[in-house]
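Below: the structure, in structure tokens.
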């Protein structure tokens, strides 16, 4: 690319960055800050008092030196009391400002976190799976730390120092307007470099936050898989990846620190030039008897106060740029509309029978190859339909369509003749119970985890569900019975115990349609036997869609659907499929050896 062609691109990039700040700030104000305008008004009252008292210092010093020169004993006698009164009012106002600011900032931060969390919980599975849990968690920590810091500084630094600078500059104009105009000429000189540093810092901050998310994901992944890592001797591999990730974050942080460090000498030199100019011009005026020593001391005091405020504002720009990068990332997530949504006025789903039908269903994950291709299939009501096939054949993807975790790319799914996209999500999922190989228990009590199947269920119903799932005996033997905490991800229970709690939740749900995705694949023989018997009771009389690699678990199914490469290649019961000697018979021989014979 030539220099001439690159220049417009750079100007466009800079323009976009300038246009980003106002919409983000306006959105933050409208959605989260404005509801606290009464408290913000009190903060501004405190800021006004701080600015007024700060601007009083140059005046008091000027009058004091003039009083010394004029032997004004009355003013000199009252000066200490005036100073005490001014500092007391300023100190109280600063205390009130900090207290009120923390109240507003904490509420805004909590409300923003709540909005982000609610949106993520309502988001599509595909949207959530684009980032790891650790990366998403990092949004609630690192990103919000930048936002909180910026909001706090906006009140305690930006508003206060802007008001103070304006008030002090007003005093400077009152003391000597000509010198003040000359001193202000330094601002257009230092403004552009500060803006350029801020833009670079925003880009670096965005890269740092993204890399920190990657680092958090790597750490979480390493410790969650530590058993496998140690077994396979992967310690060196993990250490190398972690060192590289840590070093990437380090380099970005150093880059950001170096960019921030450029502000201090710039502001220091600008302040020094300003003070030097003031000394020259006001000294020249004193020599010509056009100013007094009081003017000189009061004006220099005002210059020092103003330069301190302006220097603080210059450093604040770095913090604001980092917060802008964080807010951009947060709002980007909130703005992403879920693909799976209720249609306006969608009625509740009624399930008189429980027949599930897939009509010309095609599904793909984003731009990847189609996971399901031209699926047309009827799952009979009240019967068990098993889905078998190699890994990646599309079995789990097909099951994901029923609760609308994802929607088909084309085609439709119907329950008792009703397109599930035409009914409310809440009613659809209320008619479904799910048991998977990835057992999900929350860090709560056994009772609470079972009760998630039907919120508000009585203790008697929960205990009955536990008995049906062959879980009552082991739960009763726990230290606190049903009130025993299961720990993070159910870590205080064995695999078989976790699965039986999950089954009890499904029993309590008492839904007409049951989805089973490899429910016994990770269990030992004894646990599998208990779970299989409980599953048999749970499946009785319900429309059941079950995915299993072990053909022994699906031989008794009313209908077996064989899938390969996202298509349905065979359907029938065990005996008819064995007799056909096709794909199912080949799977059967592969697992059991010898000739495939009817059960």
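Miscellaneous remarks
- From the list 422, 444, 488, 438, the lone residue that is within 25 Å of residue 544 (Cα to Cα) and either modelled with pLDDT under 90 or touching a helix residue (DSSP H, G or I) at 6+ places or on another chain (Cβ under 6 Å) (or both) is 438.
- Checked against the criterion of being over 20 Å from residue 53 (Cα atoms), in a helix (DSSP H, G or I) and under 32 Å from the mean Cα position of the chain (by Cα), the candidates 100, 112 yield just one match: 112.
- Test result for residue 25, in a helix (DSSP H, G or I), modelled with pLDDT of 50 or more and more than 17 Å from residue 154 (Cα to Cα): no
- Test: residue in segment 325-338 that is touching a strand residue (DSSP E or B) at 6+ places or on another chain (Cβ under 7 Å) and modelled with pLDDT of 85 or more: no
- Top-ranked residue of segment 122-135 - restricted to ones that are assigned to a helix (DSSP H, G or I) and touching a residue at least 60 places away in the same chain (Cβ under 8 Å), ranked as nearest to residue 329 (Cα to Cα): 135
- Flag if residue 428 is under 28 Å from the mean Cα position of the chain (by Cα), under 27 Å from residue 339 (Cβ atoms) and at pLDDT 90 or above: yes
- Condition check for residue 501: at pLDDT 75 or above and closer than 23 Å to residue 415 by Cα: no
- Subset of segment 440-469 (residues that are surrounded by fewer than 21 Cβ atoms within 10 Å (Cβ to Cβ), over 33 Å from the mean Cα position of the chain (by Cα) and not in a helix (DSSP H, G or I)): 458
- If you go through segment 559-599 and keep only what is surrounded by 14 or more Cβ atoms within 10 Å (Cβ to Cβ), at pLDDT 80 or above and assigned to a loop (DSSP other than H, G, I, E, B), you end up with 565, 566, 573, 582.
- Selection status of residue 321, within 30 Å of the chain's Cα centre (by Cα) and at pLDDT 80 or above: no
- Yes/no for residue 403 being in a loop (DSSP other than H, G, I, E, B) and without any contact (Cβ under 8 Å) to a residue 60 or more places away in the chain: no
The values are calculated or read from the model by the stated rules, or taken from the named source; none is laboratory data. A quick note: this is a predicted structure, and the numbers were derived from the prediction, not measured. A quick note on method: Cβ atoms are made from the backbone with ideal geometry, for glycine too, and the neighbour counts reach across all protein chains shown.
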